[in-house]
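Contents: one structure, followed by commentary.
Every read-out reported here was derived from the displayed coordinates using simple, explicitly stated rules and does not represent laboratory data. Note that this is a predicted model, so its numbers are computed, not measured. Here the Cβ positions follow ideal geometry from the backbone for every residue, glycine too, while neighbour counts run over all protein chains shown.
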Amino acid sequence: MNHNASLPSARLLLVDDHPLVRDGLRARLEAVRHFEVIGEADNAQEALALAEQAAPHLALMDVGMKNGMNGIALAGLFHERFPAIRVLMLSMHDNLEYVTQAVRAGASGYVLKDSPALEIIQAIGAVLDGKTFFSAELSARLIQASATQSPVERLTPRERDILDALAEGLSSKQIAQRNDLSVRTVETHRQNLKRKLEIEGQAELIKFAVEYRRARR
């Protein structure tokens, strides 16, 4: 059975400060017919420039990078500037705090570097499909840790900012101007909010935002 047959076509960006790791990843991923590696970066500045120029569907991002900003902070920047680009963390660290921080920053998954190639490919497919994916040994621990969290606690800082702005009655255009974002980026954040909060329509989202703001006062 060909597990790759059901995978979507995807443009991928590799962000890791180890050339040998990137070479190995590229070889694994380009063996999948639907995947195209459109660029590689070993630091945040390069990664942001490539995201702007090449518009990948997904970025595979290392957590620890020597050249400036780490991968978790970079995932947060990607989430703010390019919310349509999915981020999958790929790390040697199985520290649950790193996983939690990455998710809060906006990453959609976290896979360990020593995972089998099939698991990494499955993770990419799941994340591209709008789902989350975590290495098997992390999943149970993460579920246990998040059992006491409310959906709002799982929102990223940018998503909370936009929720507050919606409660103020601001339009997407006004939110975009206030935060120096494009209207399309704000709309993507609104869609992400509805998905995470399990809310269907825009009216329900605004109602939730107002009630959430009132409850904090």
| query | How much FRET efficiency would the formula 1/(1 + (r/R0)^6) give for S9 and D164, where r is the Cβ-Cβ distance and R0 is 45 Å, rounded to 0.05? | reply | 0.75
| request: Identify all aspartates and glutamates with a Cα-Cα distance to K173 below 18 Å; exclude those on the same chain that are fewer than 8 residues away in sequence. | output: E80, E159, D161, D164, E187
| message | Between R184 and L20, what is the label-point separation in nm under the 7 Å Cα-to-beta-carbon projection? | response | 4.0 nm
| field | Segment H93-R154, length gained on full extension (0.36 nm per residue, minus Cα span) | value | 19.8 nm
| Structure-based [θ]222 nm, the chain - -39500 (n - 2.57) summed over DSSP H runs of at least 4, per residue, nearest 500 | -16500 deg cm²/dmol
| Taking K113 as the anchor, which lysines have their alpha carbon closer than 28 Å to its alpha carbon, excluding any fewer than eight residues away along the same chain? | K66, K131, K196
| Could you give the distance between the Cα centres of the stretch 54-116 and the stretch 156-217, to the whole Å? | 23 Å
| query | Quick one, which of (i) 13.9; (ii) 12.6; (iii) 11.7 is the actual mean projected area of the Cα convex hull in nm² calculated for this model? | reply | (ii)
| For E198 and K173, what does the FRET efficiency come to when R0 = 25 Å and r is the distance between their Cβ atoms, rounded to the nearest 0.05? | 0.45
| query | Which distance in nm do the two modelled labels at K66 and Q191 give, with both placed 7 Å along the Cα-to-Cβ direction? | reply | 3.9 nm
| note | Quick note, the stretch 18-138: a/c under 1.5 would make it rounded; otherwise a/b > b/c is prolate and the rest oblate (a ≥ b ≥ c, C-alpha gyration tensor); here it is rounded
| remark: Proxy exposure order for M61, M69 (fewest C-beta within 10 Å first) is M69, M61
